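To keep things clear, I will list the structure first and then write my remarks on it.
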Amino acid sequence: MPAPQRKHRRGGFSHRCLPTPQTAMTPQPAGPPDGGWGWVVAAAAFAVNGLSYGLLRSLGLAFLDLAEHFDRSAQDTAWISALALAVQQAASPVGSALSTRWGARPVVMVGGVLASLGFVFSAFARSLLHLYLGLGLLAGSGWALVFAPALGTLSRYFSRRRVLAVGLALTGNGASSLLLAPALQLLLDSFGWRGALLLLGAITLHLTPCGALLLPLALPGDPPAPPLSPLAALGLGLFTRRAFSIFALGTALVGGGYFVPYVHLAPHALDRGLGGYGAALVVAVAAVGDAGARLVCGWLADQGWVPLPRLLAVFGALTGLGLWVVGLVPVVGGEESWGGPLLAAAVAYGLSAGSYAPLVFGVLPGLVGIGGVVQATGLVMMLMSLGGLLGPPLSGFLRDETGDFTTSFLVSGSLILSGSFIYIGLPKALPSCGPAPPPAMPPPEKGELLPAPQAALLSPGGPRSTLDTTC
């Protein structure tokens, strides 16, 4: 006979010791609930994304004031955002590992406190080094603890509508940029850059209650106990899978150019002759296009009409072309002009970049399975940090050498196009040579893009098969 399970009694009730925070809710559901509390988690992830990437995207409006105050170049001030992006993304596997061990709630709450302290510390900076430490290291470390656990937890709550839920959460980036870009310009005009950073620190503290909403969820396929070794907790074994390795390489190249507009879109608009509020409008309209495209593309991807890897490669390529167009827009009339051509180019870039964003995270469960999605999210953020660390400083260097950001945006777009070309090596990224047989039943949550020798598997869209071909 098997040994009976040990039980503890407290106040007359018995309960079983559960092995990991991700399995702390009982009874265990048959699969992701595809709704319910998941929408609350989506709202929390929406706010987390807005208070991290959205805030970082608008922060470029303060760089001219910082460069003037400290008498430094555009390349020097660009290192602030570059360090913040690099620390956030390079340390994201640490946030995923801590979330796997302790649960997402405490990790995200602690991250919110750290990010807020980074802004408060930076408000009293006496040199760029203080800003590198405050915004780059401290705030970046806080953001590293919030994004991957929040988005990974959201992916566990959804299956059929997963990409739509991820797209909804990622619209926090665009919505936050839409609100914060003009608000930050107003704060800079009213209180200076020190007062603006201090107020942004108070706003960033709202990440803490967002973390409290991330309830753990037990799912079939979860490991019976959290990984014991640090390497296993980081999920480095995922690189042994060919599809994930291809995805990782392409994503690292895309990261080299994807974040340059976050830092230099507003300065590029200023270089093109727009005033401060005109540059803020360019950032805002790009954010609107970005936010709307994330929702539309999330819905489209969940229909299952086109395989996710194919959509990923297409919209990645369109994002690279969009950056080319932004860089080649001619000089506008003057500060009183609204810069119609640049606004149109910013909208086109925002639509393509927004369509790409939910696909990056939506394709992960199909590549690694639902049990590894939190770790995979952290690794993806780390890979994008390789480009995020080098992209903005390289863009600033090219601007200092050439006198404008045209070359910067052309190089950034080329990096994104290169990564999108590598995505073609993913399963189902290209059509094959014959009609595919319809799948007999929905697959378990173990990765619909993983090898399956006997039957074709469904797309995340549910019972409708992806329109694809096979030999």
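The values are calculated or read from the model by the stated rules, or taken from the named source; none is laboratory data. Note that this is a predicted model, so its numbers are computed, not measured. Please note: Cβ atoms are built from the backbone with ideal geometry, for glycine as well, and neighbour counts cover all protein chains shown. SASA here: full protein model, heavy atoms, side chains in, ligands and nucleic acids out. Shrake-Rupley method; radii C 1.70, N 1.55, O 1.52, S 1.80 Å.
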Could you count how many residues in region 401-423 are assigned to a helix (DSSP H, G or I) and modelled with pLDDT under 85? 0
Could you go through region 107-123 and let me know if any residue there is outside any helix (DSSP H, G or I) and modelled with pLDDT of 90 or more. yes
Check Leu170, Leu179, Leu188 and return the single one that is buried (at least 17 other Cβ atoms within 10 Å of the Cβ), assigned by the TED database to the domain that holds Trp37 and farther than 24 Å from Leu98 by Cβ. Leu188
Going through region 329-379 in order, the residues found to be in contact with an Asp or Glu (Cβ under 8 Å, 6 or more places away or on another chain), at pLDDT below 85 and open to solvent by 10 Å² or more (accessible area, probe 1.4 Å) are Gly371
Restricting region 216-268 to residues that are assigned to a helix (DSSP H, G or I) and polar (S, T, N, Q), the one modelled with the lowest pLDDT turns out to be Thr240
When region 220-230 is checked residue by residue, the ones that are over 24 Å from Pro32 (Cα atoms) and either in the same structural domain as Ile370 (by the TED database) or in contact (Cβ under 8 Å) with a residue 40 or more places away in the chain (or both) are Pro230
Considering only region 140-154, I want to know if a residue exists there that is part of a helix (DSSP H, G or I), open to solvent by less than 10 Å² (accessible area, probe 1.4 Å) and among the β-branched types (Val, Ile, Thr). no
Members of region 43-100 found to be within 22 Å of Pro216 (Cα to Cα) and either assigned by the TED database to the domain that holds Ser385 or surrounded by fewer than 19 Cβ atoms within 10 Å (Cβ to Cβ) (or both), listed by number: Ala43
On the basis of being more than 15 Å from the chain's Cα centre (by Cα), buried (at least 24 other Cβ atoms within 10 Å of the Cβ) and farther than 28 Å from Gly167 by Cβ, does Gly134 make the cut? yes
Is it the case that region 98-112 has a residue that's touching a Cys at 6+ places or on another chain (Cβ under 8 Å) and not polar (S, T, N, Q)? yes
Which numbered condition Thr319 fails, given (1) crowded, with 24+ Cβ neighbours inside 10 Å; (2) of a type in the set (Val, Ile, Thr); (3) at pLDDT below 90: (3)
Selection count, region 276-299, where residues are open to solvent by 50 Å² or more (accessible area, probe 1.4 Å) and hydrophobic (A, V, I, L, M, F, W, C): 5
